[in-house]
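Data block below; observations after.
The values are calculated or read from the model by the stated rules, or taken from the named source; none is laboratory data. A quick note: this is a predicted structure, and the numbers were derived from the prediction, not measured. Because the Cβ atoms are built from the backbone with ideal geometry, glycine has one as well, and the counts that use them run over all protein chains shown.
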Amino acid sequence: MSARNFPEGFLWGAATAAHQVEGCNTNSDWWHFEHAPLSAARESSGDGIDHWHRYAEDFALLAELGHTAHRLSVEWARIEPAPGEFSAAALGHYRDVLTELRRQGMTSFVTLQHFTLPHWFAASGGWTAPDALERFERYARTVLDALGDLTDFVCTINEPQMVALHGYLEGYHPPGVTNPTLWRRVGRVLLDAHHVAVHATRQHSDASPGLVVQLPVLAPARDDAVTWAFCEAMRREIVDLYLDGLRAPDGGDWLGVQYYRKNWVDPALPTLFAAPPRGVRTTQMGWAVHPEGLYEMLRRAAGTGLPLYVTENGIATEDDDERIEYLESHLSAVARAIADGVDVRGYIHWSAFDNFEWSEGYGPKFGLIAVDRIDGFRRTPKPSAHAFARVARSGRIGELRSAFVSAVGMAAAR
């Protein structure tokens with residue numbers, strides 16, 4: 001038998017986010033954004049995949065599939081439906097959720113803020129409001145007082161640089177703004193919000209706080225001085241600002257690396273990003289598949305001196321064989337980083353289930369588990385889910401393909 005690629009105790013799991021799976025998050029900025037005239041959102045999140053009611057069976061299924069960790073988010077819009085008014089029922093629900101997760105033996109990674117905001121907070125200026133940090137700190141303290149004893153890892157803010165980029169420069173996430181000045185300003189406010197949440201976590205729980213950042217590989221679309229300089233400027237705003245910011249006293253205990261793609265930067269385009277070059281393999285999202293980039297960004301993230309967890313990585317595809325190829329190449333990149341001395345302690349796949357993918361709606365299929373939203377939200381693990389389970393149990397990438405072939409055969413025989 002081949003040697004293990006991942007050490008004993010390495011955490012394996014998959015991720016969800018509240019707005020994408022729970023359903024009917026009507027008090028959030030995203031719900032209002034989805035329903036606004038001329039919205040960039042292709043459809044409403046609606047009922048999600050009804051995880052609000054089905055979390056227990058979902059966690060049991062994930063545990064059966066060999067997961068030892070799960071990343072989820074709690075929903076600020078439910079917990080604080082009006083300024084300073086906190087819902088005991090919502091906090092009680094999330095206590096039930098985390099209690100069930102612990103009963104299933106899975107380590108919890110709990111995200112305090114995953115893209116969505118309460119509508120009242122967004123309407124008062126969101127992250128540009130003068131009291132944004134105070135309001136976020138109050139929310140974080142309340143959540144940690146109520147749930148901290150059931151939380152292992154706190155993910156303060158999900159992908160702050162993407163919140164700033166998509167919402168304030170590209171404009172296809174709320175609040176739908178395209179303002180370079182606000183983009184830079186919000187990015188720094190979000191980094192400060194992370195520091196505030198780290199401080200609150202240390203004061204109000206024994207959980208381990210960290211930041212989760214998407215770290216794309218950025219390259220110039222053309223080989224000229226202007227494009228190279230612009231690419232470097234974008235890298236400073238999207239990558240370096242956040243990694244360097246973790247060296248502050250309240251930087252956190254660990255870092256979550258989220259990786260999907262390589263981007264080509266082009267200052268001549270209104271979108272600032274060019275389509276991948278012809279011949280480059282892409283996903284349903286139009287993202288370039290570049291597994292070497294995960295190794296590269298883990299090495300870059302290791303420069304913070306913090307332990308690392310891959311807290312999101314996955315592919316949007318209807319072709320499960322393509323998902324296996326993606327997993328094989330990207331897990332190999334993680335294993336290579338570990339072999340080279342990078343302290344990576346877990347891998348959390350995006351996503352556990354096919355779910356609502358923000359402005360792209362329900363079209364992109366990232367999940368290890370399919371969900372039939374017409375037939376009673378029926379869950380069906382894909383062959384890739386069973387193959388991932390084999391690797392989670394064995395720590396060996398070499399078992400991924402054979403387990404997948406076996407799972408495909410069993411599915412065909414049913």
Among the residues of region 83-117, write down those that are touching an Asp or Glu at 6+ places or on another chain (Cβ under 6 Å) and more than 30 Å from residue 345 (Cβ to Cβ).
86, 117
Are there any strands (runs of 3 or more DSSP E) wholly within region 344-413 with 2 or more residues that are in contact with a Lys or Arg (Cβ under 9 Å, 6 or more places away or on another chain) and free of Cβ contacts under 8 Å to residues at least 24 places away in the same chain, and if so which?
369-372
Would you confirm whether any residue within region 3-23 is surrounded by fewer than 24 Cβ atoms within 10 Å (Cβ to Cβ) and of a type in the set (Val, Ile, Thr)?
no
If you scan region 284-299, which residues turn out to be touching a residue at least 60 places away in the same chain (Cβ under 8 Å) and crowded, with 18+ Cβ neighbours inside 10 Å?
290, 293, 297
Region 265-283: number of residues that are surrounded by 17 or more Cβ atoms within 10 Å (Cβ to Cβ) and either charged (D, E, K, R) or closer than 30 Å to residue 249 by Cβ (or both):
1
Within region 355-414, count every residue that is in contact with a Leu (Cβ under 7 Å, 6 or more places away or on another chain) and over 20 Å from residue 67 (Cα atoms).
0
Boolean, residue 26 is crowded, with 24+ Cβ neighbours inside 10 Å and either in contact with a His (Cβ under 8 Å, 6 or more places away or on another chain) or polar (S, T, N, Q) (or both)
no
Considering only region 236-250, I want to know if a residue exists there that is at pLDDT 95 or above, under 23 Å from residue 136 (Cα atoms) and touching a Ser or Thr at 6+ places or on another chain (Cβ under 6 Å).
yes
Would you check if there is a residue in region 200-221 being among the acidic types (Asp, Glu) and either under 23 Å from the mean Cα position of the chain (by Cα) or surrounded by fewer than 17 Cβ atoms within 10 Å (Cβ to Cβ) (or both)?
yes
Can residue 130 be described as more than 22 Å from the chain's Cα centre (by Cα), farther than 30 Å from residue 13 by Cα and not in a helix (DSSP H, G or I)?
yes
